[in-house]
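Only one structure is covered here, and it is reproduced in the block below.
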Amino acid sequence: LVRGFPLKHAHTAGALSQNAMASHSAAYLDEVRRRAAEAESRASAALADLAAAEAVQVALPAFTADVRDASELSVAECREQYVARFRPLLIRSIGALTDPTPWTLAWLREHCGQKCAAVNVGGSQMAASCEVAGVEVMTIDDLAQRIEARSSGRSAYLYDCSLPLKLPALCERLAVPVYFAHDWLQRTRRLHAFSRSWPSLFVGATGTRSSLHIDQWKGHFWMAQLCGAKRWTIFHPEDAWWPLRLQGAFLFLRCAASLHTLGAVNRCLSPSWPSEAPRLEPTFPSLDEMEAQPGQYPLLRLARRVDVTLRAGELLLVPGGAPHRVRNGESDADPAVSVAIAANFVDGSNCAAAAADLGLMARRAAAPEHEDRGAAA
């Protein structure tokens, strides 16, 4: 793949007819519309009988995050009972994954302080879109100064920085947790868009966070906390398309081919697929806003969720397709800096879903009107 575009097609894309390439784009947009229409259909059914909708949710299996110690959790059990069943899991006492252990902000500054990376500033990592507004390229030394000062008024967060691409020397100083070393993305015959995407590095002070979002192409996700802590909120993957899309009496749907308002936007969760950058995954409003206004989002309480604090020396598994939001710090007053490494991965449990989405993204990248093929991935 070349950012979601198969290599074998990259050399022949110019030979495709305009009609063929247009059909590739249409398939992608058709799937975006299908997902939005499914959300609308489920919303209508639930809103027709809220009591019945609540009864259905109550009858569903509980959604919890087990806490296991690495000393008594085998690789086979982790993959069979948690990864394959899309169950979140927190693993304690995982042992050393980096050299030295742990990587601290001071150590990173000393060993790669002059290396440059794209850093989210002013909360841009909370934006629903994939735009690069609010991103500054700076050295790790500058990042450390910004984090340590905490007085500039613009928070700095090194968010999902690819180590193989941006800080390759660090790759020799880390190990992938054995539980997730079977990643099929690393076992392909040819290089592709995601061969060198992970592991990635996250460095941020208390107050920085991510938005509520779903990782692309149903990728499973693991994170190892090296320093500090992160507070995670994870929703059940199935509830991404039902309770999380059913807030209030209406949905606001935007697609590349149509703009259709089904009701008052401020009375629903309003998952959307913006026409300027249609994506397979929906975007969501701020979880803080939804929790602060339960009257505006009456069905949020039906969504199955777990809240987990990930601390240094622990490892978290987030199942593919699960909406999640992350806040750095054990509390809002935590002075510690959070340092973590993470990766998305694919195996037999999510390969079909990942391949389907990646295929649509590749076809979208082949469309003549898609100028930035990298954005498709």
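Extension gain, Glu289 to Ser93: 0.36 nm times the residue separation minus the Cα-Cα distance gives 67.0 nm. Label sites at Leu165 and Ala45, each approximated as a point 7 angstrom past Cα along Cα to Cβ, lie 3.9 nm apart. Ranking of Trp107, Trp222 by solvent-accessible surface, largest first: Trp107, Trp222 (1.4 Å probe, protein heavy atoms only, all chains present). Put a dot 7 Å past the Cα of Val58, heading toward its Cβ, do the same for Ala312, and the two dots end up 4.5 nm apart. Multiplying the residue separation of Ala352 and Ala106 by 0.36 nm and subtracting their alpha-carbon distance yields 84.4 nm. Heavy-atom accessible area for Cys171, with the other protein chains in place and a 1.4 Å probe, reaches approximately 40 Å².
The values are calculated or read from the model by the stated rules, or taken from the named source; none is laboratory data. Since this is a predicted model, take the numbers as computed values, not measurements. All Cβ positions, glycine included, derive from the backbone under ideal geometry; neighbour counts span all protein chains shown. Heavy atoms of the whole protein, side chains included, go into the accessibility calculation; ligands, DNA and RNA do not. Shrake-Rupley method; radii C 1.70, N 1.55, O 1.52, S 1.80 Å.
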